[in-house]
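Below: the structure, in C-alpha cells.
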Amino acid sequence: MLQKPRNRGRPNTQAERERDWGRGAAEEAPSTSRGAGGSQEARGTSSQGGRRAEASPEVGPRSQQQLELKVAELVQFLLIKDQKKIPIKRTDILKHVIGDYKDIFPDLLKLAAERLEYVFGYKLVELEPKSNTYILINTLEPVEEDAEVRGDQGTPTTGLLMIVLGLIFMKGNTIKETEVWDFLRRLGVYPTKKHLVFGDPKKLITEEFVRQRYLEYRRIPHTDPVDYEFQWGPRTNLETSKMKVLKFVAKVHNQDPKDWPAQYCEALADEEARARPETGGPTPSS
C-alpha cells in the first residue's frame with residue numbers, strides 16, 4: 001500500500017510507494033496519441049491527418065497522478081450513479097468520465113473495480129454478458145477467504161479501516177495524520193468533504209475508530225502546524241493480525257506478502273508470538 005518491494009528494482013521513496021495504487025494502468029498506458037484521434041487519422045487522408053495532428057498533438061504516457069485522479073473520478077461516478085439503483089451504461093461512463101482516456105478504459109475500469117471492492121465494499125459486475133451496463137453489488141458478506149484477508153465485520157467502513165491499518169503497519173507501526181490524508185485523497189476520500197459511503201471520513205477515522213479502540217490517535221508534541229499520529233489500538237490486535245493486514249495490502253496490489261521482506265518477517269514473528277501458549281492468565285475459580 002505504501003511500499004514497493006525492494007527486489008523489483010524500483011525507487012523506494014515514500015511518495016513513489018504510495019503511488020503504487022495506479023501502477024497497473026500506468027504500465028499498460030500506451031505512449032501514442034489518443035485512441036479516438038488515432039482512428040480518425042486512419043480514416044482520413046494524409047493532409048487531413050496532418051491538420052488534425054496540429055490541432056491535437058501526440059501525448060506521452062499519462063502521469064501517475066493523472067491516472068490516480070481519473071480512477072478516483074470513475075469510482076465517485078459509479079458510486080453516485082448507484083444511488084439510484086439504475087444500471088450504469090458504458091456509454092455514460094465514456095462520455096462523462098473517461099473522455100480522452102478511451103484507449104486505456106479497460107485498465108481504468110479494472111482499477112476502479114478493485115478499489116470499489118476492497119475500499120468501499122462493492123463489487124462492479126456487468127448486468128448481462130456483452131450488455132455494456134454495470135451495477136454495484138454490496139459485498140458485506142464476502143466469501144470466507146476474502147473475509148479472512150480483509151477482517152470483515154459486515155460494515156461498509158471496514159475497507160477504510162483496513163486501509164488505515166495497512167498504512168500504519170507499512171509505515172513502521174506509526175503514521176502522521178497528514179500522511180494518511182495525503183494517501184486517502186488519492187482514493188477520493190477527503191477530510192473536509194462528505195463521502196457517499198463513509199459519511200464524514202475525518203469523524204469516522206479520528207473519533208469512531210478511536211472510540212471503538214481500533215486506532216490510537218494522539219498529538220505529536222512540538223509540531224507547528226499541529227499534527228497528530230495514528231497507531232493500532234488494542235481492539236485491532238485482538239480482532240486481526242499483522243499478517244492479515246499485510247495480506248490485504250498484497251491483495252490490493254496483486255502481489256505476494258513476501259514482496260515486502262521486512263513487514264513479512266515482522267508479521268511472521270507476530271504470528272509465532274500469538275501461537276505461543278499464554279502464561280500468567282486468570283486462574284479458574286474453585
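Only residues in the range 175-203 that are open to solvent by 70 Å² or more (accessible area, probe 1.4 Å) count as the first member; pair them with residues that are in a loop (DSSP other than H, G, I, E, B) and aliphatic (A, V, I, L, M), Cβ under 8 angstrom, at least 6 apart or cross-chain, and list the lot.
Every condition considered, the pairs that remain are 176/220.
Report, by residue number, each residue of the range 256-275 that is acidic (Asp, Glu) and either out of contact with any Leu (no Cβ under 9 Å at 6 or more places or on another chain) or open to solvent by 70 Å² or more (accessible area, probe 1.4 Å) (or both).
Going through the range 256-275, the residues acidic (Asp, Glu) turn out to be 256, 259, 266, 270-272.
Within the range 256-275, 256, 259, 270, 271, 272 meet the criteria.
Filter the range 204-230 down to the residues that are open to solvent by 70 Å² or more (accessible area, probe 1.4 Å) and among the hydrophobic types (A, V, I, L, M, F, W, C) and list them by number.
The answer is 226, and nothing else.
Of everything in the range 113-134 that's touching a strand residue (DSSP E or B) at 6+ places or on another chain (Cβ under 7 Å) and among the aliphatic types (A, V, I, L, M), which residue is least open to solvent (accessible area, probe 1.4 Å)?
116
Is it fair to say residue 258 is in contact (Cβ under 8 Å) with a residue 24 or more places away in the chain, outside any strand (DSSP E or B) and not polar (S, T, N, Q)?
Details: in contact (Cβ under 8 Å) with a residue 24 or more places away in the chain: no; outside any strand (DSSP E or B): yes; not polar (S, T, N, Q): yes.
Criteria not met by residue 258.
May I ask you to say which residue of 235, 218 is over 22 Å from the mean Cα position of the chain (by Cα), part of a strand (DSSP E or B) and basic (Lys, Arg)? Let's see the steps before the verdict.
Values: 235 fails: part of a strand (DSSP E or B).
None of the others qualify; the one that does is 218.
Filter the range 53-93 down to the residues that are of a type outside the set (A, V, I, L, M), modelled with pLDDT under 50 and open to solvent by less than 70 Å² (accessible area, probe 1.4 Å) and list them by number.
Passing the criteria: only 56.
Can you run down the residue pairs with Cβ atoms below 6 Å, 6 or more apart or on separate chains, where the first is in the range 231-255 and in contact (Cβ under 8 Å) with a residue 40 or more places away in the chain and open to solvent by 20 Å² or more (accessible area, probe 1.4 Å) and the partner is outside any helix (DSSP H, G or I) and not aromatic (Phe, Trp, Tyr)?
231/174; 231/216; 244/151
May I ask you to verify whether residue 118 is at pLDDT 85 or above, closer than 25 Å to residue 67 by Cα and outside any loop (DSSP other than H, G, I, E, B)? Steps first, answer last, please.
Working: at pLDDT 85 or above: no; closer than 25 Å to residue 67 by Cα: yes; outside any loop (DSSP other than H, G, I, E, B): yes.
Against the criterion (at pLDDT 85 or above, closer than 25 Å to residue 67 by Cα and outside any loop (DSSP other than H, G, I, E, B)), residue 118 does not qualify.
Going through the range 169-213 one residue at a time, which ones are touching a strand residue (DSSP E or B) at 6+ places or on another chain (Cβ under 8 Å), over 16 Å from residue 236 (Cα atoms), part of a helix (DSSP H, G or I) and hydrophobic (A, V, I, L, M, F, W, C)?
Passing the criteria: only 180.
The values are calculated or read from the model by the stated rules, or taken from the named source; none is laboratory data. Note that the structure is a prediction, hence the values are computed from the model and not measured. Glycine also receives a Cβ, built like all others from the backbone with ideal geometry; neighbour counts cover every protein chain displayed. Remember, those area values only see protein heavy atoms, side chains included, never the ligands or the DNA or RNA. Shrake-Rupley method; radii C 1.70, N 1.55, O 1.52, S 1.80 Å.
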